[in-house]
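> Take a look at this one; I'll ask things after.
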Amino acid sequence: MSALVLNNVRKVYQSGEDHIVALDHASLTVGAEEILALVGPSGSGKTTLLSIAGGLLSPSEGEVLVGGEAITAYSAKQLTDFRRNSVGFVFQSVNLVPFLNARENLLVVAEFSKREKKAARERAERLLDELGLGHRMNNLPGQLSGGERQRVAIGRALMNEPALVLIDEPTSALDTKLGEQVMELIVGEVKARNTAAVIVTHDQRMTHYADRTVAITDGVLAA
Ligand SMILES: Nc1ncnc2c1ncn2[C@@H]1O[C@H](COP(=O)(O)OP(=O)(O)OP(=O)(O)O)[C@@H](O)[C@H]1O
Ligand SMILES: [Mg+2]
């Protein structure tokens, strides 16, 4: 079964008198264990597409299926559960909880029973370690660099082992070497769990980590 299907998705933003067509008849299928790179210039609709796939934004037209379920037919409550349990989202503007340290930002995404707490803490620490943040686990987001905050957000997205991981520009704030390390971690985690990912990137050097690359221009996906 496909991890993600977009069927003729259209998104029109209304701002006052103006309307902007951010996505136009976008159709896309991402396989159950596929890593897809989405590339395109600024303003081409990449974040819009990811937000729709993650149930954060509803399309103006069209259908979205995640793991075979039509999320476009979900109620508000179903969408909340879906966002919490089924997708891992890393936003372009990293949004960590400012008063929680790096480790706590990973643990906050799930509620654990007492027995699971120790395992969750170990998983959070292992992920942070692999992301090169082993020495920054007790720091608050305000005490971290932009690239470090981005890596915490990646750890948080992977924390609950979602079936679909959506990542907006994971390497934009990182130098080449760190960017490659972070991509290797993402790809390793996604492949190890047989899950799927859509990774938005400007950086052509990062696309070789993906199984497939799709280009987007002015809201239109390349055939
Ligand atoms: N909330 C909004 N209201 C109105 N227009 C919007 C809104 N969000 C995005 N847009 C417009 O929709 C288009 C697509 O935006 P989107 O954020 O999806 O682009 P992007 O490919 O992610 O760009 P970038 O690489 O700069 O992040 C742009 O023209 C943008 O200005
Ligand atoms: Mg964007």
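> Given the criterion of a type in the set (Gly, Ala, Ser), surrounded by 17 or more Cβ atoms within 10 Å (Cβ to Cβ) and more than 13 Å from ligand 1 (Cβ to nearest atom), identify the matching residue among Gly67, Gly40. Don't jump to the end; show me each part of the working.
On the way: Gly40 fails: more than 13 Å from ligand 1 (Cβ to nearest atom).
Criteria check complete, one pass: Gly67.
> Let me ask you something else. Tell me, yes or no, whether region 15-31 has at least one residue that is surrounded by fewer than 16 Cβ atoms within 10 Å (Cβ to Cβ), at pLDDT 95 or above and small (Gly, Ala, Ser).
Yes: region 15-31 contains one or more residues that are surrounded by fewer than 16 Cβ atoms within 10 Å (Cβ to Cβ), at pLDDT 95 or above and small (Gly, Ala, Ser).
> Do any strands (runs of 3 or more DSSP E) entirely within region 149-223 hold 2 or more residues that are surrounded by fewer than 21 Cβ atoms within 10 Å (Cβ to Cβ), and if so, which?
Answer list for region 149-223: 212-217.
> Checking the conditions here, which among Thr47, Thr29 is out of contact with any Gly (no Cβ under 9 Å at 6 or more places or on another chain), β-branched (Val, Ile, Thr) and without any contact (Cβ under 8 Å) to a residue 40 or more places away in the chain? Steps first, please.
On the way: Thr47 fails: without any contact (Cβ under 8 Å) to a residue 40 or more places away in the chain.
Answer to the check: Thr29.
> Let me ask you something else. Any residue at all in region 65-79 that is more than 16 Å from ligand 2 (Cβ to nearest atom), in contact (Cβ under 8 Å) with a residue 24 or more places away in the chain and charged (D, E, K, R)? Show your work before the answer.
Filtering region 65-79 for residues more than 16 Å from ligand 2 (Cβ to nearest atom) gives 65-79.
Okay, now just the ones that are also in contact (Cβ under 8 Å) with a residue 24 or more places away in the chain, so 65-68, 79.
Subsequent filtering for residues that are charged (D, E, K, R) retains none.
The answer is no, given that none of the residues of region 65-79 is more than 16 Å from ligand 2 (Cβ to nearest atom), in contact (Cβ under 8 Å) with a residue 24 or more places away in the chain and charged (D, E, K, R).
> On the basis of being closer than 26 Å to Val200 by Cβ, modelled with pLDDT under 95 and more than 16 Å from the chain's Cα centre (by Cα), does Glu130 make the cut?
Against the criterion (closer than 26 Å to Val200 by Cβ, modelled with pLDDT under 95 and more than 16 Å from the chain's Cα centre (by Cα)), Glu130 qualifies.
> Ok, one more. Sort out for me the strands (runs of 3 or more DSSP E) sitting completely within region 31-145 that have 2 or more residues that are charged (D, E, K, R).
Working: elements: 35-39, 61-66, 87-90.
The strands (runs of 3 or more DSSP E) meeting that bar are 61-66.
The values are calculated or read from the model by the stated rules, or taken from the named source; none is laboratory data. Because the structure is predicted, anything quoted here is derived from the model rather than measured. Note: ideal-geometry Cβ built from the backbone for every residue, glycine included; neighbour counts use all protein chains shown.
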